[in-house]
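To start, the structure itself, in structure tokens.
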Amino acid sequence: MLKSNLNQVRSTTPLVHNITNYVTVNDCANILIACGGAPIMADDVDDAVEITAICGGLNLNIGTLNSRTIPAMMTAGIRAGELNHPILLDPVGAGASTLRTQTALNLVETLPLTAIRGNISEIKTLATGTGATRGVDADVADTVTPETLDAVIAFAQEFAAKTGAVITITGATDIVATGDRVGIIRNGVPMMADITGSGCMLSAMATAYLTANPGDPFMAMVAAVCAMGVAGEIAVKNMLPTDGNATFRNRLIDAIYHLDGDTLEGRASYELR
Amino acid sequence: MLKSNLNQVRSTTPLVHNITNYVTVNDCANILIACGGAPIMADDVDDAVEITAICGGLNLNIGTLNSRTIPAMMTAGIRAGELNHPILLDPVGAGASTLRTQTALNLVETLPLTAIRGNISEIKTLATGTGATRGVDADVADTVTPETLDAVIAFAQEFAAKTGAVITITGATDIVATGDRVGIIRNGVPMMADITGSGCMLSAMATAYLTANPGDPFMAMVAAVCAMGVAGEIAVKNMLPTDGNATFRNRLIDAIYHLDGDTLEGRASYELR
Amino acid sequence: MLKSNLNQVRSTTPLVHNITNYVTVNDCANILIACGGAPIMADDVDDAVEITAICGGLNLNIGTLNSRTIPAMMTAGIRAGELNHPILLDPVGAGASTLRTQTALNLVETLPLTAIRGNISEIKTLATGTGATRGVDADVADTVTPETLDAVIAFAQEFAAKTGAVITITGATDIVATGDRVGIIRNGVPMMADITGSGCMLSAMATAYLTANPGDPFMAMVAAVCAMGVAGEIAVKNMLPTDGNATFRNRLIDAIYHLDGDTLEGRASYELR
């Protein structure tokens with residue numbers, strides 16, 4: 001199942017339009033190529049609508065959003081919706097500022113989002129309209145533990161039912177939820193928090209998975225989250241003693257580049273409810 | 001001949017002004033240093049004209065162009081022209097949107113371009129005023145094959161004669177053309193298409209070659225294209241089994257960093273007509 | 001002493017707000033994580049003030065400044081000042097254009113800067129109101145030599161006394177100065193000039209050091225400069241023959257990631273006057 005999701009990406013080379021932050025944009029582009037997709041970035045309102053029309057999916061990431069890119073996100077999103085393209089929202093730093101929170105909320109309300117991926121603090125902010133994040137990282141008070149897992153799942157499913165989007169909350173344990181389905185993924189390594197862009201890269205890659213697997217966005221998200229986690233595990237295994245987070249970033253993308261369906265299927269640690 | 005082009009870059013450290021996309025800008029800066037040049041980026045209309053005046057050459061790349069950077073490209077280009085600086089245009093995604101196509105056409109019409117470098121789809125778009133690209137990659141219908149090579153060369157020469165710019169079309173086989181000269185380069189490896197920015201990096205580096213070798217822009221472009229292709233071959237040779245596209249990107253820049261004139265001369269596979 | 005500065009960063013995870021250029025921003029984010037801090041980037045005037053308020057320190061870097069980011073720097077800086085957050089200014093390219101020089105001078109005049117870090121040409125520009133840089137690199141005429149060292153120190157101390165900021169001039173020999181204290185650091189390797197962003201990364205990391213060590217900004221800067229130099233030395237030691245500047249960049253960040261207080265203390269080569 002995961003295998004076919006991965007293979008669909010490699011065999012169809014989905015072209016993904018990214019309106020994303022300038023911090024991790026290069027990594028997002030390279031991981032899209034690594035997974036079998038193709039990236040294009042266009043964030044001017046006069047360019048984004050046309051560019052999104054030639055793509056298969058749209059990845060909206062509000063890190064380093066600004067007065068110029070916000071209308072581009074909105075208009076590209078509306079156009080992508082008209083074309084039935086999958087749209088993923090990554091609400092980077094929602095809860096950290098009014099502009100980020102409000103922009104994310106506006107996008108959620110206006111666009112027919114296929115998926116939303118963030119950390120627990122960001123998703124809580126979107127669901128409740130207010131929240132606290134520690135910058136772009138999850139607030140400690142929000143950490144998902146074995147004790148809180150069921151409550152977080154119920155919360156995610158409720159928000160998924162309300163929005164119609166597949167809700168993906170990533171952290172030490174990852175949760176993918178629709179109103180009636182849940183995936184719990186236990187792949188990944190702590191070092192993924194030691195680089196900038198693990199989340200951004202996952203969102204970019206997941207948009208390629210959604211685009212290549214239009215029949216089942218839920219499983220596409222589960223597969224993408226598993227792929228990222230498995231790649232993290234492979235990347236750590238390939239680390240030399242002097243390697244640090246910069247090299248880890250490269251090895252993570254490299255691992256996605258080499259990941260095949262059998263490896264993904266064999267190493268994925270996930271549970272569907 | 002190629003050797004002297006490379007050595008001129010290393011001995012004169014040309015300072016290149018880049019108005020370029022934010023996706024691959026870091027790689028462009030590092031490859032400029034690797035080849036022996038020096039980069040500076042300035043894309044505000046109030047900054048770009050003065051910055052271009054202290055540089056030796058100008059690299060205009062329209063990926064992620066926007067309403068703020070387009071006038072900066074134009075005014076910096078006009079100033080660079082007044083100063084007789086070489087100007088290279090990389091029409092990323094021309095044909096993919098009206099804004100990109102129209103901006104590229106305006107730059108071609110207004111500026112005394114020394115060189116234009118793109119894939120076959122982008123160059124066709126500029127030459128005909130309309131075209132189709134698959135995002136920022138060449139359209140499949142446009143692939144240069146042994147059967148179509150002569151026609152593509154004739155097309156490139158015609159466009160070169162019309163614009164006065166050295167036309168460089170890169171792909172599996174690379175073509176460098178003026179109205180009466182042609183270079184066909186067969187270096188390079190398929191993996192160069194597996195990273196973002198191979199083309200952008202070549203354009204940045206080629207601007208350094210043009211700046212350091214003002215007497216013969218055609219040979220400067222041939223040398224830069226050969227250098228990039230040879231570096232790709234060396235980079236692949238240095239790959240370990242677990243290395244993927246992220247590491248390839250580093251090894252490519254590393255190979256440019258170590259490339260010397262004799263290696264370039266010895267490994268370059270090119271034909272002049 | 002240096003050891004406690006480093007350990008303070010690792011134990012407090014200072015969140016640093018960066019308004020910085022898009023060329024080296026990813027490296028700045030990753031080195032902030034590597035050293036034990038956490039990065040956030042926000043450069044829109046409607047976002048920057050709120051974001052800076054949730055952070056502990058502010059890093060202002062004027063590379064690729066533009067009409068949209070300049071007011072964000074100013075307003076975020078004013079807010080950071082009200083909150084007594086340390087503010088570091090990196091005047092990239094001051095002296096290379098009127099916009100850069102004037103923006104840097106305005107920031108110096110308006111904000112309660114804790115530290116200013118640049119090359120000798122940039123700092124001279126700020127101190128005298130005019131100057132010459134070779135793009136973003138120091139002008140050759142400005143090179144600090146054993147013969148000119150005392151004069152440069154006197155100049156730095158005078159400018160420090162005038163501005164109240166810790167003045168840090170980096171080059172082959174690094175100088176950290178207040179009105180009555182001086183640190184001379186002799187760590188580092190020439191290869192740090194072969195990548196883009198050595199200075200930007202140091203400024204980002206130094207802001208984390210300032211944030212985590214509010215009691216003594218002078219020693220925080222000395223420690224950050226030593227850490228960067230020592231990391232450069234370690235990175236070079238870890239280079240393989242085919243590694244070039246791209247790989248060096250990764251190894252530099254990797255070395256910061258692994259750097260501990262004892263190694264820093266043991267390898268730091270500095271003199272306090």
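The values are calculated or read from the model by the stated rules, or taken from the named source; none is laboratory data. Quick caveat: nothing in here was measured; it's all calculated off a predicted structure. Cβ coordinates were reconstructed from backbone atoms using ideal geometry, including for glycine residues, and neighbour counts include every protein chain displayed.
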- Item | Close pairs (8 angstrom Cβ cut-off, 6 or more residues apart or separate chains): under 17 Å from A:Ser269 (Cα atoms) in segment A:202-226, of a type in the set (Asp, Glu) anywhere | A:Val225/A:Asp174
- Flag if A:Val236 is closer than 23 Å to A:Ala165 by Cα, at pLDDT 95 or above and in contact with a Phe, Trp or Tyr (Cβ under 9 Å, 6 or more places away or on another chain): no
- In segment A:93-128, how many residues are touching a residue at least 40 places away in the same chain (Cβ under 8 Å) and under 16 Å from A:Thr168 (Cβ atoms)? 12
- Message: Considering only segment C:253-260, I want to know if a residue exists there that is more than 14 Å from chain B (Cβ to nearest Cβ) and under 30 Å from B:Asp260 (Cβ atoms).
- Response: yes
- Query: What about B:Ala165, is it touching a residue at least 60 places away in the same chain (Cβ under 8 Å), more than 17 Å from B:Leu252 (Cα to Cα) and small (Gly, Ala, Ser)?
  - Reply: yes
- Given the conditions (1) under 28 Å from B:Ile70 (Cα atoms); (2) within 12 Å of another protein chain (Cβ to nearest Cβ); (3) in contact (Cβ under 8 Å) with a residue 24 or more places away in the chain, every one holds for C:Ala38 apart from (1)
- Of the candidates A:Thr148, A:Thr125, A:Thr143, the one satisfying the condition of being modelled with pLDDT of 95 or more and of a type in the set (Ser, Thr, Tyr) is A:Thr125
- Kindly list the number of the only condition in (1) facing chain C (nearest Cβ under 10 Å); (2) buried (at least 24 other Cβ atoms within 10 Å of the Cβ) that fails for B:Asp46. (2)
- Item | segment B:227-243: number of residues that are under 27 Å from C:Leu252 (Cα atoms) and in contact (Cβ under 8 Å) with a residue 12 or more places away in the chain | 11
- Query: Any idea which of B:Asp27, B:Asp43 is without any contact (Cβ under 8 Å) to a residue 40 or more places away in the chain and not small (Gly, Ala, Ser)?
  - Reply: B:Asp43
- Query: In this structure, is B:Ala206 closer than 15 Å to B:Cys35 by Cα, in contact with a helix residue (DSSP H, G or I) (Cβ under 6 Å, 6 or more places away or on another chain) and crowded, with 23+ Cβ neighbours inside 10 Å?
  - Reply: yes
- Does segment C:76-86 contain any residue that is out of contact with any Asp or Glu (no Cβ under 6 Å at 6 or more places or on another chain), buried (at least 24 other Cβ atoms within 10 Å of the Cβ) and within 14 Å of chain B (Cβ to nearest Cβ)? no
- Message: Among the residues of segment B:114-121, are any more than 26 Å from A:Ala48 (Cβ to Cβ) and either modelled with pLDDT of 95 or more or under 19 Å from the mean Cα position of the chain (by Cα) (or both)?
- Response: yes
- Item | Residue count, segment A:9-20 (criterion: part of a helix (DSSP H, G or I) and touching a Ser or Thr at 6+ places or on another chain (Cβ under 9 Å)) | 2
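Could you count how many residues in segment B:46-78 are in contact (Cβ under 8 Å) with a residue 12 or more places away in the chain and charged (D, E, K, R)?
Within segment B:46-78, the subset in contact (Cβ under 8 Å) with a residue 12 or more places away in the chain is B:47-49, B:51-65, B:68-78.
If we keep only those that are charged (D, E, K, R) as well, we get B:47, B:68.
Matching residues across segment B:46-78 total 2.
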- Message: Is it the case, given these coordinates, that B:Ser121 is within 13 Å of another protein chain (Cβ to nearest Cβ), in a loop (DSSP other than H, G, I, E, B) and in contact with an Asp or Glu (Cβ under 7 Å, 6 or more places away or on another chain)?
- Response: no
- Go over the candidates A:Ala154, A:Ala177 one by one and state the one that is crowded, with 19+ Cβ neighbours inside 10 Å and more than 28 Å from C:Asn250 (Cβ to Cβ). A:Ala177
- Search result, residues across segment A:164-208 that are away from chain C (no Cβ under 14 Å), over 18 Å from A:Ile87 (Cβ atoms) and in contact with a Pro (Cβ under 8 Å, 6 or more places away or on another chain): A:Ala172
- Task: Restrict the check to segment A:104-111 and report whether at least one residue is within 27 Å of A:Gly56 (Cβ to Cβ) and surrounded by 24 or more Cβ atoms within 10 Å (Cβ to Cβ).
- Result: yes
- Answer yes or no as to whether B:Asp90 is touching a residue at least 24 places away in the same chain (Cβ under 8 Å), surrounded by 24 or more Cβ atoms within 10 Å (Cβ to Cβ), in contact with a Ser or Thr (Cβ under 9 Å, 6 or more places away or on another chain) and within 7 Å of another protein chain (Cβ to nearest Cβ). no
- Working only within segment A:14-29, note down all residues that are over 15 Å from the mean Cα position of the chain (by Cα), facing chain B (nearest Cβ under 9 Å) and buried (at least 24 other Cβ atoms within 10 Å of the Cβ). A:Tyr22, A:Asn26
- Query: Among the numbered criteria (1) hydrophobic (A, V, I, L, M, F, W, C); (2) more than 15 Å from A:Leu126 (Cβ to Cβ); (3) surrounded by fewer than 21 Cβ atoms within 10 Å (Cβ to Cβ), which single criterion is violated by A:Ala161?
  - Reply: (2)
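Here are some residues: A:Thr64, A:Thr110, A:Thr98, A:Thr69. Which one is more than 21 Å from C:Thr52 (Cα to Cα) and either within 12 Å of chain C (Cβ to nearest Cβ) or β-branched (Val, Ile, Thr) (or both)?
Just one listed residue meets the conditions, A:Thr110.
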- Message: Quick check on C:Val136: is it crowded, with 19+ Cβ neighbours inside 10 Å and over 28 Å from C:Asp194 (Cα atoms)?
- Response: no
